[in-house]
Amino acid sequence: MSKFEDSKVVPGEAVGTVAAQSIGEPGTQMVLRSFHSAGISSVITTKGLPRIIEIVDARKKPKAPVMEIRLEKGIEKKYEKVREIWRMVEEVMTSSLISSFDEDLKAGTLVLHLEKEKMAFYEITGKTVASKLSKKEGVEVSQIDSETIKIKYMGKTTQATRTAFVNILNSPVIGIRGIIKASIQQADDSSFYITTSGSNMEEVMKIEGVDKWHLYSNDIFEVLKVYGIEAARNLIAHELSDVIAEEGFTVSFRHIALVADAMTHTGGIRSVGRHGVAGEKESVFARAAYEETVKHFTNASVFGERDTLKGVAENILIGKQIGLGTGRIKLAVKKDDLKKIKPKKGD
Amino acid sequence: MAKEKSERRYQVYLDGRSIGYVRNGRNFVEEIRRNRRAGVISGEINVAIIRKLNEIHINADRGRARKPYIIVENGASKFSAELLEKLRNKEIDYNYLVRRGVIEYLDAEEEENIRVALEEKLIDKDTTHLEIDPATFYGFTFSSNVFQEFNTVGRHPISGNFIKQGQGLYAINFNNRYDARAYLLYYPQMPIVNSSAYRTLKMNRHSSGQNFVVALSTYFGYNMKDALVLNRAAVDRGLGRSVFFRTYTDEERRYPGGQQDHFKVPPATTEGYLGEHAYSKLSEDGIIEPELEIKEGEVLIGKVSPPRFLEEQTSFGVGEEKSRDNSATLRTGEEGTIDNVLISESLGATKIVKVRVRNIKVPEVGDKFASRHGQKGVVSLVVPPEDMPFTKDGIVPDLLLNPLSLPSRMTFGHMMETLAAKAGSIGGTQFDGTMFSGKGREKVDMYGDILKKHGFERFGDEALYDGRTGKKYDATIFTGVVYFNRLLHMVSTKMIVRSRGPVQILTHQPTEGKPRRGGLKFGEMERDALVGYGASLLLKDRMLEQSDKADIWICRECGDVGYFDHIKNVPVCPLDAGNNLEKVEISYAFKLLLDEIKSLHILPRVRMRSE
């Protein structure tokens, strides 16, 4: 308990400034360059400073969304079961299963030549493909054999037919939308898990055998949508801390958590900067001191805003003692009030 | 079909412009080269074939850097022993070789097509050219340096930069020159170790350094982190001593309307008169005399100019014409002696005066020195000779260099030079340190033999004795001679102090920069550091008390900024003309901000509450 008391931040400590300095300093040393490590790992993620900027700016779509799918107890160590789930995850397009195709736009026929090796790799039969394609409106599928599929579609114009064919080639046969690639990895405790590039939590959760409690995605807005703001806050904090740790810097987690809290405490995700945390400050002067000075002053005059001059930036501007650190301490009782207190009888 | 065709033919560019296509690119290029070597076409034409792009680039324009190579044909250098003999006997010259197609000049593009052998014995069947000398693949500036092949690549440009900044004998006619700024070393020396390019350029006539006796030793931590310890005896004898010249130029300008400047001692009635003392050294013509000592703020050239604006008519009619002081004063923070005065006439037949001020700069703590290997340092201590370490022969080093400055930078050239120059100074010879002119091991052996012959250690180390106690150091110390440059960064030209001083008119904040006696900037990051630490009063001291503190009157009624009427002795609010104002202590920058907001047609109002 005494350790807890000792660890508490002193009143008046400039936690925000110190957090900004603690994260900003290693940021200056990081290279503004994303490394794309080629090799065994099939999943490419954004790392280093670009990723930090991505998180802090609260970009709607991350450059490289990534998921980690853990599996429920019981099947996690059975490779066959894991592989079954893996087949359901990765999105496979028609075009990636064929070696070539012949089209006749006048007759409205499209002949797909399936590639054996690829079909075997994804454990797909020609029938699956055919049945998937036949669900499309106006598409007539007449399977010839296991290696070729013949499709008939007549559009109103030749161009419409052509568009339909392109759509057929780019239509998914199996898997979940948005998941470009998935691969099976083995953890230290010999259990299997699936990593993906591309993220779609909602759909992955529906698959039976997926551990919903340990589903991980680095897409902050998707986590916000699926799991809520607390999860998003934790994700921001952990993603930041992971990236910084990966670059070989040590930053106390509390600084990072403060940034995550500042970004999420309103219930939504705000970026750090003009359109978010800094742009929503209460003080007109503090906002004007940051960016778009004239805009803030003109708006303030239109709405008749009032600046209470409580913040740090405002007090430095007018030359008053700031309300932080040693300036935090004030007398609770006014000097004049002290005189009014009369000693009790007998004291 | 189209693809096949483009593969076969080459697009030909002349000076970057496409001029057509050729079928057999290789033969086409070979023919141009053959003709060039034979002298049929100009030797300034270069041609390059780029097979990746199916392009042939012919360049004959100006501005290409080109480099000579000896042509190799059929596995044999065209520069035969016979030609060498003739060249030695001066029967032929270099230009003969160029004319006869023995040596040709290639530009950067054509160099991509060739295969160069560094030495004659390395020629194989694919070789097309032979390097004249390995040292030539660097430019003149680099080649004039020594032992650069022993240094890491990163040190080469650094050393080049330092040599550029070295003070030396920049021009022989310096005494007749009036350069705006000039640095002149008192006793420039020729380096004991130099290179062929250095001699070819006749750099030894313009040397910019001196041979220092350097011991690789610490001195009570005074030479940590690239600091240098100098021997005061050496400094007193003139080591690194230099003189700094600055020329002040002024002209009697003519203005439209028949007015003009006049060189004279300004009368006390002139506008901007600097006080009698400032003009005390001027002679009758308003110009200072040579060999007078002068201090900061004193006038060198007295000049009176007509007023900037046309005068208003006074009630007494046309009065005496007012004039403005426009004299040239010595720069702030400088002092010196008047070296020479030049009075001349400009092309526009106006009088021109140039005054050269000289100031002797003795090496002192804070001055910068560098060797030719990117090893720079700042003098941290000038030690009396009796406290310096000395060798058994009584030699006291001029400079103590920290040994730790060598391993991490890997400047082995510095050590090679130390050894070579030591051997040279003892043997009384100069040594050649041209790049790639020999194997390091053989050179070390050669220098070692000379040192051994004269009773020194082979590898240049010596037993040193502590000057303070007379005791021998436990370790032997690597001591030798290194050519050092005194760089033009000197404390005396940079040092500045200020407690109070001028402020800017607009913001009432302290000025910036040395010429304006400015303060040091307390920037945003510094501010954040104090905020982060929570030192609120120190922050207020920096941002307000030591900066632009101002007493501003603010109206209690309307919140607008007012002023104090000193005649009526009451504060006034210009907005409601009332006198109910409060004096507040705020930064002047805030008042300026309020004014600027007003200029946006926004009226800010300040509401106050007593604390």
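The values are calculated or read from the model by the stated rules, or taken from the named source; none is laboratory data. Quick caveat: nothing in here was measured; it's all calculated off a predicted structure. Virtual Cβ from ideal backbone geometry, glycine too; neighbours counted across all protein chains shown. All accessible areas refer to the heavy atoms of the entire protein, side chains included, with ligands and DNA or RNA removed. Shrake-Rupley method; radii C 1.70, N 1.55, O 1.52, S 1.80 Å.
Restricting A:SER301, A:SER283 to those that are among the polar types (S, T, N, Q) and more than 10 Å from chain B (Cβ to nearest Cβ) reduces the list to A:SER283. Against the list (1) assigned to a loop (DSSP other than H, G, I, E, B); (2) more than 21 Å from A:LYS310 (Cα to Cα), the condition A:HIS238 fails is (1). Exactly one residue among B:HIS508, B:HIS601 is on the phi > 0 side of the Ramachandran plot, within 11 Å of chain A (Cβ to nearest Cβ) and in a loop (DSSP other than H, G, I, E, B), and that residue is B:HIS601. You will find that of B:GLN210, B:GLN259, the residue that is touching a Pro at 6+ places or on another chain (Cβ under 6 Å) and touching a residue at least 40 places away in the same chain (Cβ under 8 Å) is B:GLN259 and no other. If the condition is being of a type in the set (Gly, Ala, Ser) and within 22 Å of B:HIS373 (Cβ to Cβ), then the stretch B:456-504 contributes B:GLY460, B:GLY480. Screening A:ASN234 with (1) loosely packed, with under 15 Cβ neighbours inside 10 Å; (2) over 29 Å from A:SER95 (Cβ atoms); (3) of a type outside the set (D, E, K, R) gives one miss only, at (1). Selection of the stretch A:53-99 for residues being open to solvent by 20 Å² or more (accessible area, probe 1.4 Å), of a type in the set (D, E, K, R) and part of a helix (DSSP H, G or I) yields A:GLU80, A:LYS81, A:ARG83, A:GLU84, A:ARG87. Elements of the type strands (runs of 3 or more DSSP E) sitting completely within the stretch A:102-165 and holding at least 2 residues that are open to solvent by less than 70 Å² (accessible area, probe 1.4 Å) and touching a residue at least 12 places away in the same chain (Cβ under 8 Å): these cover A:109-114, A:148-152. One residue stands out in the stretch B:558-578 among those that are outside any strand (DSSP E or B) and surrounded by 14 or more Cβ atoms within 10 Å (Cβ to Cβ): the one that is farthest from the other protein chains (Cβ to nearest Cβ), namely B:GLY578.
Yes/no matrix, rows are residues, columns are (1) farther than 23 Å from A:VAL10 by Cβ; (2) in contact (Cβ under 8 Å) with a residue 12 or more places away in the chain; (3) out of contact with any Leu (no Cβ under 6 Å at 6 or more places or on another chain):
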residue: B:ARG516; (1), (2), (3): yes, yes, yes
residue: B:ASP528; (1), (2), (3): no, no, yes
residue: B:LEU539; (1), (2), (3): no, yes, no
residue: B:GLU545; (1), (2), (3): yes, no, yes
residue: B:TRP553; (1), (2), (3): yes, yes, no
residue: B:TYR563; (1), (2), (3): yes, no, yes
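Checking each residue in the stretch A:273-317 for being among the β-branched types (Val, Ile, Thr) and open to solvent by less than 70 Å² (accessible area, probe 1.4 Å) picks out A:VAL277, A:VAL284, A:THR293, A:THR298, A:VAL312, A:ILE316. Only residues that are part of a helix (DSSP H, G or I) and closer than 28 Å to B:LYS452 by Cβ were counted in the stretch B:374-403, giving 1. Of all residues in the stretch B:7-33, those satisfying the criterion of being assigned to a helix (DSSP H, G or I), among the charged types (D, E, K, R) and over 14 Å from B:GLU110 (Cα atoms) are B:GLU7, B:ARG8, B:GLU31. B:LEU400 meets all of the listed conditions (1) closer than 15 Å to B:TYR219 by Cβ; (2) open to solvent by 50 Å² or more (accessible area, probe 1.4 Å) but one, namely (2).
Filtering the stretch A:166-178 to residues that are touching an Asp or Glu at 6+ places or on another chain (Cβ under 6 Å) and open to solvent by less than 20 Å² (accessible area, probe 1.4 Å) leaves only A:ILE176. Give the stretch A:318-347 a look and list any residue that's without any contact (Cβ under 8 Å) to a residue 40 or more places away in the chain and either crowded, with 20+ Cβ neighbours inside 10 Å or β-branched (Val, Ile, Thr) (or both), or say none. A:ILE318, A:GLY319, A:LYS320, A:ILE322, A:VAL333, A:ILE341, listed by residue number. Restricting attention to the stretch B:133-152, the residues that are in a helix (DSSP H, G or I), modelled with pLDDT under 80 and open to solvent by 40 Å² or more (accessible area, probe 1.4 Å) add up to 4.
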